[in-house]
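**Q** Dumping the structure here so I can ask a few things about it.
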Amino acid sequence: MQEADAAADAWFAFVVEARSGRARAGRLTTPHGSVETPAFMPVGTAGVVKAVTRRDLADVGAQIILANTYHLMLRPGDDLVAELGGLHGFSGWPGPFLTDSGGYQVFSLAKLRTLTEEGVGFRSHLDGTRYLLTPERSMAVQANLGADIAMAFDECPPWPAPHEAVDAATARTTRWAHRSLAAHARKDQWLFGIVQGGVHLDLRERSARELIELRFPGHGIGGLSVGEPKPDMLRVLDHLDTILPEEKPRYLMGVGTPQDLLEGVARGIDMFDCVLPTRNARNGQLFTRSGKLSIRNARYRSDPLPPDPECACFTCRTTSRAYLRHLHQSGEITAATLMTIHNLTHYLDSLRHIRETIVLGRFEEYRAAVTQRLAAEGQQP
Ligand SMILES: [Zn+2]
């Protein structure tokens, strides 16, 4: 046991290098390279970030990619991925990967779910095939996928839900965390626990304390940004910031807008993932330093400016709003590629800049300036 732990310690580390207010600048070391935190993980649902290539991901400065266990176990199947060298060998992405547990997608996508203490039975949304996803099965699938970081299998209650229902889901998440830990065997893979508890601070606190006892090397915060009012999410993050261990990475799952990232960092969050930059890019919505821009808008028909004049990404160096609008309106797939490159650059540059302000001890100043600018421009954060 001690030997196995020593082996894992040789591959993984998390160090907080600087602090500014509650914000932290850290470094996460994995078998496939290190990640500067706070970090944003582009979402590679099916083992690929939609519309872009590995070269684009390297160009925009992505350091870690998220892949979805649910999608990959259904298609092409985790056995095939394992046979071809896991996610790294299969996709060719040489950097770190994180896989989710599959739980969130089962609860949001799959049909005819049956939830028992054993796990979740469901039919594939692709072809109706029956599956049973349990903590043990999720660990086996994630072992096959071979990401650097795996997530414990959890129950995600919907929002809104009565306290009683969230209480039961939170208790089950702890029981499933025990089973996930017992079934997790790969020493070259870190396993994070997931804090649940909805918007209820008492349940969040209990969930966090129960997981801390299990000594996971990092903690995910699940069940947020599922429709609850933003102040509720921030209240939960404020509370968890006082409970979660300072020396371990904290990952806010599935969040969010650029402003959410800023507010998360302000509450000690180190890692984020979200489909917003990539999904919105495919729908023609760009994130810029002065807020959101919808390329479909007729005002950009003959606009020679790049999407964001202050951005140095490939798209902004080479492409006008007018041309992007034309590509998007014509249904050209290149539009999705160019806009994804810009949006990912915007997210990753923002976090790089945020990291610099933390190192310089000026994060709160920066946060106030950004919030003020967005408010002045009448942009919804
Ligand atoms: Zn750009």
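Every number in this text was worked out from the coordinates using simple rules, so none of it is lab data. Worth saying up front: this structure is predicted, and the values here are computed from it rather than measured. Neighbour counts are summed over all protein chains in view; Cβ atoms, including those assigned to glycine, are modelled from backbone coordinates with ideal geometry.
**Q** Give me the angle, in degrees from 0 to 90, between the Cα long axis of helix 163-183 and the longest principal axis of the Cα atoms of the chain, rounded to the nearest 10.
**A** Relative to the chain, helix 163-183 is tipped by roughly 70 degrees.
**Q** Moving on to the next point. Post the alpha-carbon centroid distance, the stretch 159-195 to the stretch 198-248, in whole angstrom.
**A** 12
**Q** Longer than 28 Å from Cα to Cα, which of Lys111/Lys248; Lys248/Lys292; Lys230/Lys292; Lys111/Lys292 are they? Say none if no pair is.
**A** Where the Cα-Cα span goes over 28 Å, the pairs concerned are Lys111/Lys248; Lys248/Lys292; Lys111/Lys292.
**Q** Using the Cα centre of the stretch 312-380 as the reference point, and only Cβ charges (+1 on K/R, -1 on D/E), how large is the resulting charge dipole? Debye, rounded to the nearest 20.
**A** The dipole magnitude comes to about 80 debye.
**Q** With viscosity set to 1.567 mPa s and temperature to 4 °C, compute the Stokes-Einstein D of the chain, Rh being the Kirkwood radius across alpha carbon pairs; µm²/s, no decimals.
**A** 61
**Q** Please compute the contact order of the stretch 115-205 in relative form: average sequence separation of alpha-carbon pairs under 8 Å and at least six residues apart, divided by the residue count, as a percent.
**A** RCO, the stretch 115-205: 29 percent.
**Q** Pick from Tyr104, Tyr347, Tyr131 the residue whose mean-square fluctuation is largest in a GNM of the chain, springs joining Cα atoms under 10 Å.
**A** Fluctuation is largest for Tyr131.
**Q** Something else: So how strong a dipole does the chain carry about its Cα centre when Lys and Arg Cβ are +1 and Asp and Glu Cβ are -1, to the nearest 20 debye?
**A** 1180
**Q** Turning to a different aspect of this structure: What are the ³J(HN,Hα) values, in whole Hz, obtained from phi via the Karplus relation 6.51 cos²θ - 1.76 cosθ + 1.60 with θ = phi - 60°, for each residue of the stretch 87-98 in sequence order, with x given for Gly and Pro?
**A** 4, 5, x, 5, 8, x, 5, x, x, x, 10, 10
**Q** Take the alpha carbon atoms of the stretch 6-67, find their center, do the same for the stretch 339-381, and report the distance between the two centers in whole angstrom.
**A** After rounding, the separation between the Cα centres reads 19 Å.
**Q** Sticking with this one: Within 10 Å of each residue's Cβ, count the other Cβ atoms and sort Leu237, Leu293 from fewest upward.
**A** Leu293, Leu237
**Q** Output ³J(HN,Hα) for the stretch 244-260: one whole-Hz value per residue in order, computed from phi by the Karplus curve 6.51 cos²θ - 1.76 cosθ + 1.60 with θ = phi - 60°, and x for Gly and Pro.
**A** 5, x, 5, 8, 10, x, 10, 10, 8, 7, x, 10, x, 7, x, 5, 4
**Q** Going by how many other Cβ atoms sit within 10 Å of their own, how do Thr278, Thr116, Thr37 line up, fewest first?
**A** Thr116, Thr278, Thr37
**Q** Here's a follow-up. Starting with the fewest neighbours, write out Phe90, Phe122 ranked by other beta-carbon atoms found within 10 Å of each beta-carbon.
**A** Fewest-to-most ranking of Phe90, Phe122: Phe90, Phe122.
**Q** Report the local net charge at Ala322: Lys and Arg +1, Asp and Glu -1, summed over other residues whose C-beta lies under 12 Å from its C-beta.
**A** With Lys, Arg at +1 and Asp, Glu at -1, the net is +3.
**Q** Let me ask you something else. Could you work out the local net charge near Ala369, counting Lys and Arg as +1, Asp and Glu as -1, over the other residues with Cβ closer than 12 Å to its Cβ?
**A** It works out to a net charge of +2.
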